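Novice: A single structure is presented below for examination.
The values are calculated or read from the model by the stated rules, or taken from the named source; none is laboratory data. Note that the structure is a prediction, hence the values are computed from the model and not measured. Neighbour counts run over all protein chains shown; Cβ positions are idealised from the backbone, glycine included. Accessible surface is based on the protein model in full, side chains and every heavy atom, while ligands, DNA and RNA are left aside. Shrake-Rupley method; radii C 1.70, N 1.55, O 1.52, S 1.80 Å.
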Amino acid sequence: MIQVSQLTKRFDIRTAVDNVSFAVEKGEILGFMGPNGAGKSTTMRMITGYLPPSSGTAVIGGRDIAQDGLSARKMIGYLPENAPVYREMTVQGFLGFIAEVRGFAGSRRRKAVSDAIEKCFLTEVGNQSIGTLSKGFKQRVCFAQCILHDPPYLILDEPTDGLDPNQKHEVRQMIRNMSAEKAVILSTHILDEVDAVCTRVIIIDDGKLVADDTPDGLRKRSKTHGAVSMLVSEALPEGLAEEIGRLADVSEYQVSDDPAGFRLRAFPRQPGLPIAPQILSLASNRGARIQSVFVEQGRLDEVFRAITTSDAGDSSTRSV
Amino acid sequence: MRIQESSNTVRALLKRELAGYFTSPVAYVFIVIFLMLIGFFTFYISRLFEAGQADLRGFFEWHPWVFLFLIPAAAMRLWADERRLGTMELVLTLPVTTAEAILAKFFAAWIFLGICLALTFPTVATVSYLGDPDMGAVVCGYVGSFLMAGAFLSIGSMTSSMTRSQVISFILSVVICLFFILAGYPPVTEAVSGWAPSWLVGFISRLGFLSHFASIKRGVLDLRDIVYFLSVMIFMLSANGVILENRRTA
Ligand SMILES: Nc1ncnc2c1ncn2[C@@H]1O[C@H](COP(=O)(O)OP(=O)(O)O)[C@@H](O)[C@H]1O
Ligand SMILES: [Mg+2]
């Protein structure tokens, strides 16, 4: 388990990470979200022992990163932001070097390197020097570096940043394949990614933890969660939309043109209120020719924006 | 157990570092410049052959001055580059202590400088062919020069950890090295002795490289000089450690 307690980092005057606490268990993939500059990388640097915290602790598998950093770092695989690598080394040479530093020798070392190369689809470039590889390959080389010792804890800082959609898919696939018996923290500002791989999400904004939930749980906070979207062919019966709008549980409605007729969207007064039955009976009573109806699940990007821009004045002055 | 582990770590880091020297053309350029400068000063300025004396004082004489510019140049990339490329974050989040990382880098660079020094050996061979120099003195000169190179290098390593810019590291390092050279340089000590109390003059000149190198190049290897150079290295590398611990910013 990774246990982060009241972690705080102050740089001169600005507090980059402010009293952040959370825990990650084995089997979980924790999505660490937040706008650029929110403090994701700084938090990860403290968890991996690169930056000393101003206050608070990170305990990895029972070892405090500040007190017993060496043992803690043995259990961590870390992919730093922008995937730094020694460009002049070959892929084999680089991974061999990491394995050696991690205490692998002889045949164990060769096996660790070849396993990592295989898992990260690097076989074809094994003897190429890393500087000549494309961005996607470089990212995978650095990823191979962090899983080489089969660590129980993986910390990945924007693992898919700058990759094309296919490469993103591959990296996510690798993370999912690997996560069963690991605790994974991955930072991202890509919402699809959270949906695609994460079992839990925390959001930080301006250094503060503002949400800790499952992707579904977060989506339920969206104001479109439970909204009803109905497609009606031909004409909309006179006054139907207004009538729906007057329902006690409906907060507002929209009507828009659609090639097949009209689309009516009604939003619940509170996320998740079941408004569909009332709307359906009303519409069929009025003889509307309903083509299709669905209940919206809510959207992460809405929730994300609502949570992280509540103090927008602050974030505009943030960039350093 | 821990010592075993630690030395394995240092060896792994050192191997990578040293291999890095010989895969880059910069290292070869460096070697050539080093040999040319040493050769130029020795034969053209000191006129070693014409001086008629079969010792190597005219050869070792110039080492501090050549080191003054070349060693900061060799050391400037040590940490600055890793900081700039982000690989410092990679290495220092492996199970590696700051001390191991510093020692590995330092020893790799020192070995490289040792190789450069060893390549000046043809000079020695020529002199011993022409004359009959005291081989003990020659060995002593090389040992002293190697120690002094280590002291210069530790300064360069320290300044390199302060910045991500190699140029700034180079300049800082030259300035500090120059201070260490001038501290024992007779014209400077004389100027200072005009007004400063004699204990201060003595202290400053003992702080300098030249006074410690002076007896070495005559062929006298004094334990105090060895201790002096080692202390400079230990001090600078410790400072290097403190800087790295405090300035681990990306
Ligand atoms: N070494 C540093 N010195 C001063 N400020 C820093 C340093 N590193 C990061 N910051 C600031 O801390 C804040 C958080 O940065 P970071 O953790 O990189 O954000 P994220 O990874 O979420 O984009 C930013 O405002 C950044 O400018
Ligand atoms: Mg970041």
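Novice: Can you pull out the residues in the stretch A:74-95 that are crowded, with 21+ Cβ neighbours inside 10 Å, more than 16 Å from ligand 2 (Cβ to nearest atom), within 15 Å of residue B:88 (Cα to Cα) and of a type outside the set (Val, Ile, Thr)?
Specialist: Matches in the stretch A:74-95: A:86, A:94.
Novice: Could I ask something else about it? Tell me, which residue of the stretch A:150-168 that is open to solvent by 40 Å² or more (accessible area, probe 1.4 Å) and within 14 Å of the chain's Cα centre (by Cα) is farthest from ligand 1 (Cβ to nearest atom)?
Specialist: Out of the qualifying residues, it is A:168.
Novice: Counting only residues that are touching an Asp or Glu at 6+ places or on another chain (Cβ under 7 Å) and outside any helix (DSSP H, G or I), which one in the stretch B:209-250 is farthest from the other protein chains (Cβ to nearest Cβ)?
Specialist: Residue satisfying both the conditions and the ranking: B:219.
Novice: I'm trying to understand the selection: among the residues of the stretch A:25-44, which are away from ligand 2 (no atom under 16 Å from the Cβ) and within 15 Å of residue A:5 (Cα to Cα)? First the steps, then the outcome.
Specialist: Going through the stretch A:25-44, the residues away from ligand 2 (no atom under 16 Å from the Cβ) turn out to be A:25-29.
Hit for the stretch A:25-44 is A:25, nothing else.
Novice: What are the residues in the stretch A:180-193 that are modelled with pLDDT under 90, touching a helix residue (DSSP H, G or I) at 6+ places or on another chain (Cβ under 8 Å) and over 14 Å from residue A:35 (Cα atoms), if any?
Specialist: A:193
Novice: Here's something else I'd like to know. Being in contact (Cβ under 8 Å) with a residue 40 or more places away in the chain, more than 17 Å from the chain's Cα centre (by Cα) and surrounded by fewer than 21 Cβ atoms within 10 Å (Cβ to Cβ), is that true of even one residue in the stretch A:30-51?
Specialist: For the stretch A:30-51, residues in contact (Cβ under 8 Å) with a residue 40 or more places away in the chain, more than 17 Å from the chain's Cα centre (by Cα) and surrounded by fewer than 21 Cβ atoms within 10 Å (Cβ to Cβ): absent.
Novice: Here's a follow-up. Among the residues that make up the stretch A:188-203, is at least one of them more than 16 Å from ligand 2 (Cβ to nearest atom) and more than 13 Å from the chain's Cα centre (by Cα)?
Specialist: Within the stretch A:188-203, none of the residues are more than 16 Å from ligand 2 (Cβ to nearest atom) and more than 13 Å from the chain's Cα centre (by Cα).
Novice: Within the stretch B:58-81, can one find any residue that is in a loop (DSSP other than H, G, I, E, B), among the basic types (Lys, Arg), in contact (Cβ under 8 Å) with a residue 24 or more places away in the chain and closer than 30 Å to residue A:76 by Cβ?
Specialist: No.
Novice: Of the residues in the stretch B:92-135, how many are in a loop (DSSP other than H, G, I, E, B) and surrounded by fewer than 17 Cβ atoms within 10 Å (Cβ to Cβ)? Quick ask: steps written out before the conclusion?
Specialist: Start the filter on the stretch B:92-135 by keeping residues that are in a loop (DSSP other than H, G, I, E, B), which leaves B:93-97, B:119-120, B:131-134.
Subset that is surrounded by fewer than 17 Cβ atoms within 10 Å (Cβ to Cβ): B:97, B:119, B:131-132, B:134.
Number of matching residues: 5.
Novice: Got a number for residues in the stretch A:230-274 being of a type outside the set (Lys, Arg) and assigned to a loop (DSSP other than H, G, I, E, B)?
Specialist: Qualifying residue count for the region: 16.
Novice: Given A:121, A:97, which one is under 25 Å from the mean Cα position of the chain (by Cα) and not charged (D, E, K, R)?
Specialist: A:121
Novice: Do we have residue A:210 as farther than 25 Å from residue A:84 by Cα, surrounded by fewer than 19 Cβ atoms within 10 Å (Cβ to Cβ) and within 16 Å of ligand 1 (Cβ to nearest atom) here?
Specialist: In short, yes.
Novice: Answer yes or no as to whether residue A:303 is away from ligand 1 (no atom under 16 Å from the Cβ), open to solvent by less than 70 Å² (accessible area, probe 1.4 Å) and among the β-branched types (Val, Ile, Thr). Give the derivation first.
Specialist: Numbers: away from ligand 1 (no atom under 16 Å from the Cβ): yes; open to solvent by less than 70 Å² (accessible area, probe 1.4 Å): yes; among the β-branched types (Val, Ile, Thr): yes.
Here the answer is yes, as residue A:303 does meet what is asked.
Novice: Residues in the stretch A:45-55: is at least one within 28 Å of residue B:16 (Cα to Cα), among the aromatic types (Phe, Trp, Tyr) and within 16 Å of ligand 2 (Cβ to nearest atom)?
Specialist: yes
Novice: Collect the residues in the stretch B:5-39 that are of a type outside the set (D, E, K, R), within 10 Å of chain A (Cβ to nearest Cβ) and out of contact with any Asp or Glu (no Cβ under 8 Å at 6 or more places or on another chain), keeping them in residue-number order.
Specialist: Within the stretch B:5-39, just B:19 meets the criteria.
Novice: Then there's this: Limited to the stretch A:58-95, what total is found for residues that are more than 23 Å from residue B:99 (Cβ to Cβ) and of a type outside the set (Phe, Trp, Tyr)? Walk me through how you get there before you give the answer.
Specialist: Of all residues in the stretch A:58-95, those more than 23 Å from residue B:99 (Cβ to Cβ) come to A:59, A:61-62, A:77, A:79, A:81-83, A:85, A:87-95.
Then keep just the ones that are of a type outside the set (Phe, Trp, Tyr); that gives A:59, A:61-62, A:77, A:79, A:81-83, A:85, A:87-93, A:95.
Of the residues in that region, 17 qualify.
Novice: Of the residues in the stretch A:18-62, how many are more than 9 Å from ligand 1 (Cβ to nearest atom), more than 15 Å from residue B:93 (Cα to Cα), within 14 Å of chain B (Cβ to nearest Cβ) and not hydroxyl-bearing (Ser, Thr, Tyr)?
Specialist: Total meeting the criteria: 1.
Novice: Being within 12 Å of chain B (Cβ to nearest Cβ), surrounded by 15 or more Cβ atoms within 10 Å (Cβ to Cβ) and among the aliphatic types (A, V, I, L, M) is the filter here; which residues of the stretch A:96-115 pass it?
Specialist: Within the stretch A:96-115, A:98, A:99, A:101 meet the criteria.
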